[in-house]
1. Restricting to the stretch 25-42, what's the tally of residues that are aliphatic (A, V, I, L, M) and at pLDDT below 80?
2. Suppose we filter the stretch 1-23 for residues that are open to solvent by less than 10 Å² (accessible area, probe 1.4 Å) and among the small types (Gly, Ala, Ser); how many remain?
Amino acid sequence: MLAIATKGFLLSISLCLDIGIVNAALINTGLRKGLRPALLMGLGSCFGDLFYALLSLLGMSLLFSFTPVRWVMWLGGGAVLLWLAWKMTRAAWREFHQPSSHAASQAEDGAPRSSQAEFWRGLLMALASPSSLLWFAAVGGSIIAQSTDGSSLSASVFLSGFFLGGVVWSSFLAWLASHGQKLVGHRLLLYCNAASAALFAYLALGVIVNGYQTLL
């Protein structure tokens, strides 16, 4: 059973290492609001990944064989990425003109009100992440389906290791981002917003082009 849990843990880490919207948003939240909101966002994303891992055990590949489902995933994922790119661009522009006062007021006024909402934001982003969907559909789904002997016990052990891997990664990333703000200063937030905007725009372009080539 330890081998099954370890396999789930390492598979989860391989998913987390992929650069996507959740990692970018987690870093941005850690820099902008601190450790606790970033931890809650990471925890929410772990539950989103756990949901897809559970679907993989139940035969997620069958879901992606339906063309309407793939249309929804491509168009919905592209729209979310474009919206996030616009949001990060606006945040970078705002931070460029008000680097210290704006960041400080966000950290002091925004964090207490929205910390718990970060959990749901992380959950929804994990469910809508195109890179996660592609990973589960193309790689993770088949590996997960072959990682257990079909019993409820082995499935539970595997999912526990998978969930733990996500928690460890997101906790590390949240700690790194929150301490980066203290060590480097609020100017780092400007760079993170700009990099996040570029990343979201790049991913959106890839999703839209890939969907066009695949579905049309």
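1. The total comes to 1.
2. 3
The values are calculated or read from the model by the stated rules, or taken from the named source; none is laboratory data. The shown structure was predicted, so the numbers you read here are calculated from the model rather than taken from an experiment. Accessible surface is based on the protein model in full, side chains and every heavy atom, while ligands, DNA and RNA are left aside. Shrake-Rupley method; radii C 1.70, N 1.55, O 1.52, S 1.80 Å.
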